[in-house]
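Down below is the structure, laid out as structure tokens.
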Amino acid sequence: MAIQFTFHHKEKYIASKQWEDSLIRHQKIVEKAILGSKEKVQYANMLGWMDFKLFASNEELDEINTLSKSIRENYDVLVISGVGGSIQATLAVIQCLKTADFETVILGNTLSARAINSILKKIKNKRVYFINIAKNFGTLEPGIGFRFMTDYLKATTECYAQHVSVIGTKHSELHELAEEEGFRFWPFYDEIGGRYSGLSVVSLLPLAINNISIEDYIEGAKSLQEKYRKGKLVDNPSYQYALARFELYKAGKDIELFAHFEPFLEHVAKWCVQLFAESEGKENKGIFPTRASYSEDLHAIGQYVQEGQRKLFETFLHIDKLDDQLQVPVNDVEDGFSYIEGKLLKEINDIAYRATIAAHDDANVPCLVITLDELDAKHIGELFYFFMVACYMSSMLIDVNPFDQQGVEAYKSYMFTSLEG
């Protein structure tokens, strides 16, 4: 199996018998989570992200690829308006894998005039294709992005609607608007929530435009699903990870720090924060997720991790093999760093990674590790499926609905009251 879960010195934090008992005891709670069955499964109406026939048929992938090729050939920049779970997975994959020079700009995730002004200046005099993502078209940030971009396209193009795709719920206001204006409409299925949409057209269309193989991306997720359905639950890495979180949570470890030693994994960590925060943070329950980019943050919050309150644990995102190779230069400058000259940076980075786990473990910080063999579209698809299944299981273990987010609406009622007043 290409993805691996490791709990460093697990027996130090969870007794072996407790772990084995827990593996068996909680199986009935989560065993149907890997099947995606609509029979007698809690929240079955929100498991569309497990049904690849629903959103990733060969016909739909071909349709996406055909439009994407045309966009790459006829436009200079892609502007995406979206916020929250509807955009995080896309940003994560692009940051990890993008090699083409096609420019992609994100709008609709901020209310800052300065930020939006900078984007409008950046795209000036360029051929722009615009994608608006909004399962709920009433969300203000992507609504503002939509307003600015449609205004821009009306002023700079003829038949402006030909330069627009919208991704939204069927029969919604956005769907009706698409039919009225002539936008290309793509369905954001009811059975898929925003933060579980990273394997659907919500991400597939922007990724294909950026020349990332969506076939490989989907294949990675599908292959892991197949392994999960054929394998034993006790050997399932998503289950082991979910259970490790649950046992640590019961022991008072209620902060999870997603850490990595590669800056291009920053948006993957950010996606993990989004996924777990919105899924578990309910009913005064849940682990608080945050993130750190090492080795830089070892010189900041690393101090707290080493010697602060013992309420946290770390989940490291690690890539085993990377193609990039770079040696530390050898020269005659007496700078005190002769002990590393000629060494590969990958070797030094891995030593820092292992040293960090050792130091934090010595300080009684539990360290969990999610390892991918290598970084490509297939492995990222596998990683996303791993985390979504784990989050579904983890939410079931603490008995909260992993698919709603009523708390997100609280600030909106105050905001809309002020705006409409």
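The values are calculated or read from the model by the stated rules, or taken from the named source; none is laboratory data. Predicted model, so just to flag it, every value in this text is computed and none were measured. Note that we place each Cβ from the backbone using ideal geometry, even for glycine, and neighbour counts take in every protein chain shown. Heads up: the accessible areas ignore ligands, DNA and RNA and are worked out on the full protein's heavy atoms, side chains in. Shrake-Rupley method; radii C 1.70, N 1.55, O 1.52, S 1.80 Å.
Some values worked out for this structure:
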read-out: Rounded percent of accessible protein surface that carbon and sulfur make up, the chain, 1.4 Å probe; value: 49
read-out: 1.4 Å probe accessible area per residue over segment 190-237, in Å²; value: 32
read-out: Mean Cβ count within 10 Å, highest first, over the residues of peptides 329-341, 62-74; value: 62-74, 329-341
read-out: Choice from Ala15, Ala56, Ala92 showing the highest fluctuation, given a GNM over the chain with Cα pairs closer than 10 Å; value: Ala15
read-out: Phi to ³J(HN,Hα) by Karplus 6.51 cos²θ - 1.76 cosθ + 1.60 over segment 314-326, Hz, x for Gly, Pro; value: 10, 10, 8, 9, 10, 10, 5, 10, 10, 6, 5, 10, 8
read-out: Förster radius 35 Å - calculated FRET efficiency between Ser213 and Arg184 (Cβ-Cβ, nearest 0.05); value: 0.95
read-out: Net charge, Asp373 excluded, C-beta distance under 11 Å - Lys, Arg +1, Asp, Glu -1; value: -2
read-out: Dipole-positive endmost among Val333, Tyr43, Pro263 within the chain (Cβ charges, Cα centre); value: Tyr43
read-out: Loop-located chymotrypsin sites (Phe, Trp or Tyr not before Pro) in segment 6-96, at most 10 other Cβ atoms within 10 Å (DSSP); value: none
read-out: Ellipticity estimate at 222 nm from DSSP helix runs (n ≥ 4, -39,500 (n - 2.57)) divided over the chain, nearest 500; value: -14500 deg cm²/dmol
read-out: Centre separation in Å (Cα based) which lies between segment 173-247 and segment 294-311; value: 33
read-out: Net charge dipole size for the chain [Lys, Arg +1 and Asp, Glu -1 on Cβ; Debye, nearest 20]; value: 900
read-out: Phi-based couplings in Hz for segment 266-274 (Karplus 6.51, -1.76, 1.60; Gly and Pro marked x); value: 4, 6, 5, 4, 5, 4, 4, 4, 4
read-out: Cross-link pairs Lys28/Lys232; Lys10/Lys250; Lys98/Lys343 - those with Cα-Cα distance over 18 Å; value: Lys98/Lys343
read-out: Trypsin sites (Lys or Arg not before Pro) within segment 157-204, DSSP loop, no more than 16 other Cβ atoms inside 10 Å; value: Lys170
read-out: Set of aspartates and glutamates near Lys124 by C-alpha distance (under 15 Å), chain-local residues within fewer than 8 positions excluded; value: Asp76, Glu103, Asp151
read-out: For segment 124-249, alpha-carbon Rg over 2.2 N^0.38 Å; value: 1.38
read-out: Total formal charge among the other residues, if their Cβ is under 12 angstrom from that of Lys69, Lys/Arg +1 and Asp/Glu -1; value: -2
read-out: Inter-label distance, nm, simple model (7 Å from Cα along the C-beta direction), Glu158/Leu326; value: 4.8
read-out: Solvent-accessible heavy-atom area per residue, rounded to whole Å², over segment 242-336 at 1.4 Å; value: 51
read-out: Distance-filtered residues of segment 107-139 - backbone nitrogen under 11 Å, label point 7 angstrom along Asp151 Cα→Cβ; value: 117
read-out: Kirkwood hydrodynamic radius (C-alpha pairs) into Stokes-Einstein, segment 234-339, 20 °C and 1.002 mPa s, D in µm²/s; value: 132
read-out: Projected-area mean, segment 252-405, by convex hull of Cα positions, square nanometres; value: 10.6
read-out: For segment 192-209, 3J(HN,Hα) per residue [Karplus equation, 6.51 cos²θ - 1.76 cosθ + 1.60, θ = phi - 60°, Hz, x = Gly/Pro]; value: 10, x, x, 6, 9, 9, x, 9, 9, 4, 3, 9, 4, 5, x, 5, 5, 4
read-out: Two-decimal log10 I(q)/I(0) for the chain, as the Debye equation yields it once each C-alpha is a single scatterer, q = 0.10, 0.12 Å⁻¹; value: -0.74, -1.05
read-out: Between segment 317-387 and segment 54-118, the Cα center-to-center distance that results, in Å; value: 29
read-out: Mean separation of Cα contacts under 8 Å, 6 or more apart, over the residue count of the chain: relative contact order %; value: 23
read-out: Neighbourhood net charge (10 Å Cβ-Cβ; Lys/Arg +1, Asp/Glu -1) for Asp190; value: +1
read-out: For Arg291, residues with placed amide H under 5 Å, excluding near neighbours; value: Phe258
read-out: Candidates per chymotrypsin sites (Phe, Trp or Tyr not before Pro) in segment 148-208, loop by DSSP, up to 12 other Cβ within 10 Å; value: none
read-out: For segment 43-168, accessible area per residue (1.4 Å probe, heavy atoms of protein chains only), Å²; value: 45
